[in-house]
Amino acid sequence: MKEILCEMGCQSLGEFRAWLEEIKNGKRDDELKFADVLGKSEFISYHYGLLFDKNLSDDLRLSLETKFKLHAKAGEDMLLEKLQNATDDEMRAKILFMLGAESKFHKSETLKFRARIYQKQRR
């Protein structure tokens, strides 16, 4: 019963963590559904953290990246904040890609940030 409720929309972060553990342990094979339900949840910080989790399969990380846009403006706000504070080039690249591909709210800020990075690289 709890599994069915979580698939409809997990109510707690603990439920998402348990679901992910079952995926990692091979007890479940619904990675796409996990990413979709997480993308529709309020757990944006947890979702963001999973984008850079090297212990997850590439397929799951890609699904999580794709479904991050479901967080809409709140997700983009977080990505822009993370971009402004990022010091790692890999992290910056991923965030810029996500904002550039999906941004509906911060397109101009994303382009300005990209231009600043490009200018620094040319020096």
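The values are calculated or read from the model by the stated rules, or taken from the named source; none is laboratory data. Fair warning: this is a prediction, and the values are worked out from it, not measured in the lab. All Cβ positions, even for glycine, are placed from backbone atoms using ideal geometry, and neighbour counts span all protein chains on display. Note: accessible area is taken over every heavy atom of the protein model, side chains too, but ligands, DNA and RNA are not part of it. Shrake-Rupley method; radii C 1.70, N 1.55, O 1.52, S 1.80 Å.
Find which of Ser45, Leu60, Ser12 sits farthest along the positive direction of the dipole of the stretch 7-61, computed with +1 on the beta-carbon of Lys and Arg, -1 on that of Asp and Glu, about the Cα centre.
Farthest towards the positive pole: Ser45.
Sort Asp58, Asp29 by accessible area with a 1.4 Å probe, largest first.
Asp29, Asp58
Which order do Lys27, Lys82, Lys94 take by accessible area at a 1.4 Å probe, largest first?
The ranking, largest first, comes out as Lys27, Lys82, Lys94.
What percentage of the solvent-accessible surface of the stretch 18-70, computed with a 1.4 Å probe over protein heavy atoms, is contributed by carbon and sulfur atoms?
About 46 percent, which is the carbon plus sulfur part of the accessible surface.
Of the GluC sites (Glu not before Pro) in the stretch 2-94, which ones lie in a loop per DSSP and count no more than 14 other C-beta atoms within 10 Å?
Glu42
Dividing the alpha-carbon radius of gyration of the stretch 56-98 by 2.2 N^0.38 Å (N being the number of residues), what value is obtained?
1.16
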